[in-house]
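All remarks here apply to the structure that follows.
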Amino acid sequence: MDLPKNTFKAQLASGDVTFGLWCGLGNSITAEICACAGYDWLLLDAEHAPLETGMLLHSLQAIAAYPSAPIVRPLSDDPAGLKRLLDIGAQSFLIPMVHDADQAARIVQSVRYPPEGVRGLGTSLARGARWNMVDDYIAKANSEICVAVQIESVEGLNNLEAITSTEGVDAVFIGPSDLGAALGFPGQASHPDVVAAVCQALSDIRALGKPAGVLAVTQELIDKYMAAGASFVGIGTDTGVLAKGVRALRNSLANKSADGDY
């Protein structure tokens, strides 16, 4: 059996602009519905959403039948947690709160087998290895792992060049919400000073030769960040889509009732 190809890593290598959706509802059916919608990638968010390992496994299984590439954002850069995610079949990661190059290098080591890294071996129990049915999995696995690191602090911003240049870091993502808070604008991710800082960071990442990513939920910000160099862009969340949809449906009923239609 061949090792599954990392389609998100291939997307990054192509240089094409891709669009994705944050998935935090923690349900494999919801994840599959999102996969049916045709996004280039789906991010399973275990940092802020209550997604435990079993939920992530079921979502990865549901998405696998579709072209959308799954990415997992773990709770932290803890090597033991990353090992479990690798074993359930995650190949692409967005690691939150990366502040310096030493941390980035440790993350890269955590997701690779020796001698390039320190990932522990447990392939007979691992979906990632298809329970030892992937030919030469240990020899091949490192090449299909993708590490995107998330910069969302002033320290991370100050160390942007060193983080981006770290060997094994495949892409760099800017988190506008936490970065905005760190810059003194909590809850104001679209503040002009925050947007300017994000745009400069995206431009710097691209100038250093790495793909740059960002989350932007308005067309104005999507356009600005793409112009600045973003090549993988999150354009919304499943929770946001659901909340907006149920409110709109309820409001449409209220409006019709007020007009005497019901």
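Just so it is clear, none of the values below were taken in a lab; they were calculated from the coordinates. Note that this is a predicted model, so its numbers are computed, not measured. Note that each Cβ is placed from the backbone with ideal geometry, even for glycine, and that neighbours are counted across all protein chains shown.
Table for the structure above
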quantity: Size of electric dipole in segment 18-110: Cβ of Lys, Arg +1 and of Asp, Glu -1, about Cα centre, debye, nearest 20; calculated: 160
quantity: 3J(HN,Hα) from dihedral phi, segment 152-162, Karplus parametrisation 6.51/-1.76/1.60, rounded to Hz, x for glycine, proline; calculated: 8, 9, 5, 4, x, 5, 5, 9, 4, 5, 5
quantity: Residues whose placed amide H lies under 5 Å from that of Gln150, excluding near-sequence neighbours; calculated: Ile95, Met97, Val98, Phe173
quantity: Distance-filtered residues of segment 154-179 - backbone nitrogen under 18 Å, label point 7 angstrom along Thr218 Cα→Cβ; calculated: 175-179
quantity: Principal axes of segment 201-243: Cα extent on each, largest first, Å; calculated: 38, 17, 12
quantity: Local net charge near Gly24, Cβ-Cβ under 11 Å (Lys/Arg +1, Asp/Glu -1); calculated: -2
quantity: Options Gly236, Ser252, Leu215, ranked by Cα towards positive dipole end of the chain, top entry (Cβ charges); calculated: Ser252
quantity: Protection proxy ranking of 216-222, 234-240 - average other beta-carbon atoms within 10 Å, highest first; calculated: 234-240, 216-222
quantity: Amide H contacts of Thr237 (H built 1.01 Å from N, under 5 Å, at least 5 apart or other chain); calculated: Trp22
quantity: Karplus (6.51, -1.76, 1.60) ³J(HN,Hα), θ = phi - 60°, over segment 82-92, in Hz, Gly and Pro reported as x; calculated: 5, 4, 5, 5, 4, 5, 7, x, 5, 10, 10
quantity: Assigned charges on the beta-carbon of Lys, Arg, Asp, Glu; segment 172-262 dipole about Cα centre (debye); calculated: 140
quantity: Separation of alpha-carbon centers, segment 168-218 and segment 1-70, rounded to whole Å; calculated: 22
quantity: Amide H within-cut-off set for Val72, under 5 Å, with H built and near neighbours excluded; calculated: Leu44, Ser92, Phe93, Leu94
quantity: Student exercise, the chain dipole from Lys, Arg, Asp, Glu Cβ charges, in Debye to nearest 20; calculated: 500
quantity: Positive-end residue, segment 79-165 charge dipole about Cα centroid, Cβ charges, pick of Ser143, Ile163, Leu121; calculated: Leu121
quantity: J(HN,Hα) series, segment 2-9, from Karplus relation 6.51 cos²θ - 1.76 cosθ + 1.60, nearest Hz, glycine and proline x; calculated: 7, 6, x, 6, 8, 6, 5, 4
quantity: Sites matching chymotrypsin sites (Phe, Trp or Tyr not before Pro) across segment 98-195 that sit in DSSP coil, with at most 14 neighbouring C-beta atoms within 10 Å; calculated: Trp131
quantity: Sparse-neighbour loop sites [GluC sites (Glu not before Pro); segment 36-116; at most 15 other C-beta within 10 Å; DSSP]; calculated: Glu52, Glu116
quantity: Efficiency of FRET from Cβ geometry, Ala162 and Asn27, R₀ 35 Å, rounded to 0.05; calculated: 0.35
